[in-house]
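> Sharing a structure with you now.
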């Protein structure tokens, strides 16, 4: 593993340096996020080994794996909670070091965890603008905040909320997910990571969240979805990355996988068939690779 793979000898930029050029545009051929040989250890425990993954804009990348495969550790490395022990994170073509969630957020990386981190006693507007309130002559500009919240929800095609002034504690699970995602979008997130977004949701609420995920991607956001529900994964994912015991067992377009091959990768680290029924492993197909990408 290579801790610093900047070939020209330059040190990787800090998160602040990478975000200091607002005029920089991302080449459509360059993935928004690139993970290069990422490893993570906790004392003697090797949680991640040699993870290579590209996350393009405008697509949903599903991250799947059994319990203990390393999914949570990987997204926490991307979110700035854990620093990788080796390898590098490349954002918009530039290496970055993420020392905290605040630095990740400053780049445009937002993570929506299962607990959603919402305040049940506050209403939707207050939650969406918590810490970013608008003021006018030293007083809260309630009208401006309501307009911003309404527009953000409308842009995400969220239409099931009865009133943006109802307490978040009164919302359904799907509506709460929508509020959490809308809050991330309002913070100029370019990459939205969603951890088990449909867990414990009913059929109609799950449908709402899946539609929200596809809407995010269609509006130019990169989305990483961590999920155990393969039905949901195949419904929304453009790409699938399968983790097995801290390694990347396979990654490629969703069309190159089926449920059986994904389950085999999740449980054994390899698969015996392709989604089209061929006898070769997905690693042998043009779009699917094992263990690395790019």
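> Given the criteria touching a helix residue (DSSP H, G or I) at 6+ places or on another chain (Cβ under 6 Å), surrounded by 15 or more Cβ atoms within 10 Å (Cβ to Cβ) and assigned by TED's automatic domain parsing to the domain that holds residue 49, does residue 149 qualify?
No.
> Of everything in segment 48-60, what is part of a strand (DSSP E or B) and surrounded by fewer than 21 Cβ atoms within 10 Å (Cβ to Cβ)? Give them in sequence order.
49, 50, 52, 54
> Another question, if that's okay. How about segment 62-122: which strands (runs of 3 or more DSSP E) wholly inside it have at least 1 residues that are in contact with a strand residue (DSSP E or B) (Cβ under 9 Å, 6 or more places away or on another chain) and under 13 Å from residue 47 (Cα atoms)?
Of the strands (runs of 3 or more DSSP E) lying wholly inside segment 62-122, those with at least 1 residues that are in contact with a strand residue (DSSP E or B) (Cβ under 9 Å, 6 or more places away or on another chain) and under 13 Å from residue 47 (Cα atoms) span 86-91.
> Failed condition for residue 174, given (1) in the same structural domain as residue 76 (by TED's automatic domain parsing); (2) surrounded by 22 or more Cβ atoms within 10 Å (Cβ to Cβ), with all others met?
(1)
> Taking the stated definitions as given, is residue 37 touching a strand residue (DSSP E or B) at 6+ places or on another chain (Cβ under 6 Å) and either surrounded by fewer than 19 Cβ atoms within 10 Å (Cβ to Cβ) or modelled with pLDDT under 95 (or both)? Give the derivation first.
Values: touching a strand residue (DSSP E or B) at 6+ places or on another chain (Cβ under 6 Å): yes; either surrounded by fewer than 19 Cβ atoms within 10 Å (Cβ to Cβ) or modelled with pLDDT under 95 (or both): yes.
So residue 37 fits the description; yes.
> Also, quick follow-up: So residue 63 passes all but one of these: (1) under 12 Å from residue 38 (Cα atoms); (2) crowded, with 24+ Cβ neighbours inside 10 Å. Which condition number does it fail?
(1)
> Test each condition in (1) crowded, with 19+ Cβ neighbours inside 10 Å; (2) over 18 Å from the mean Cα position of the chain (by Cα); (3) within 30 Å of residue 249 (Cβ to Cβ) for residue 85 and report the one that comes out false.
Unmet for residue 85, out of (1) crowded, with 19+ Cβ neighbours inside 10 Å; (2) over 18 Å from the mean Cα position of the chain (by Cα); (3) within 30 Å of residue 249 (Cβ to Cβ): (1).
The values are calculated or read from the model by the stated rules, or taken from the named source; none is laboratory data. These figures come from a predicted structure and were not determined experimentally. We place every Cβ from the backbone using ideal geometry, glycine too, and count neighbours over all the protein chains shown.
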